[in-house]
Amino acid sequence: MSAKDSDRIARWTLYTSGAILTLAGVLMIADSIFGFVSEMVLLGISLLLSGANNLVPHFSMKDNPLRPAWLLPAGAADALFGVLSLSHLFDPPAILAVWALIAGCVRLYMFCAVGRSGVAKRWAALGSAALMIAISALLLSRLPIAGVFSGVFLAAIGAAVANEGRMLYGRVS
């Protein structure tokens with residue numbers, strides 16, 4: 001597998017995860033307005049899908065030395081918090097806050113990892129990390145308004161993740 005193929009897989013992994021998270025955020029906003037389904041179910045399913053989206057390429061590219069190192073921690077964090085969300089043991093803002101904190105730390109790792117490989121626009125990962133950690137802090141602050149905006153925060157994180165795909169790995173080819 002060539003470097004171009006690895007970049008294409010990484011780019012589409014980020015695009016797909018970003019789309020899943022953005023859609024889940026929009027559905028959470030609609031849920032708070034119309035009461036369609038539980039926020040925990042939406043959050044859990046979207047995180048499980050995002051986790052699978054990261055883990056499948058990680059394991060399918062196992063013999064490729066150009067496999068992005070961030071796929072495993074990102075996928076594992078998403079899948080773990082997807083399962084926790086579906087367990088209904090915690091409220092949505094708490095799950096989203098802790099997940100965003102861990103995902104932000106994974107993005108910091110991603111920033112360092114892609115920097116070592118010479119990616120010029122690695123600042124997109126740093127911007128996503130800062131956004132995720134700031135959202136986590138706001139949600140953990142337990143301000144009454146923070147829980148209301150869980151869907152907006154998730155949609156913003158999804159957009160930031162999709163932007164990482166564009167900035168770090170180039171345009172659609």
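Read the figures in this text as sums done on the coordinates, not as results from a lab. In this text the structure is predicted, and so the values were computed from the model without any measurement. When we count neighbours, we look across all protein chains shown, and the Cβ atoms used for this are built from the backbone with ideal geometry, even at glycine.
Give, in nm to one decimal, the length gained when the segment between A94 and L140 is fully stretched (0.36 nm per residue of separation minus the Cα-Cα distance). Before the final figure, lay out the partial values.
Details: separation 46, 0.36 × 46 = 16.56 nm, distance 0.67 nm.
So the chain would gain 15.9 nm between A94 and L140.
Can you give the translational diffusion coefficient of region 3-169 in µm²/s, computed by Stokes-Einstein from the Kirkwood radius over Cα pairs at 37 °C and 0.692 mPa s?
This corresponds to a translational diffusion coefficient of 210 µm²/s.
Please list 57-63, 44-50 highest first by mean number of surrounding beta-carbon atoms within 10 Å per residue. Could you put the intermediate results ahead of the total?
Values: 57-63: 14.0, 44-50: 22.6.
The packing order, highest mean first, is 44-50, 57-63.
At R0 = 25 Å, how high is the FRET efficiency between A113 and L80 if r is their beta carbon distance? Nearest 0.05 is fine.
0.75
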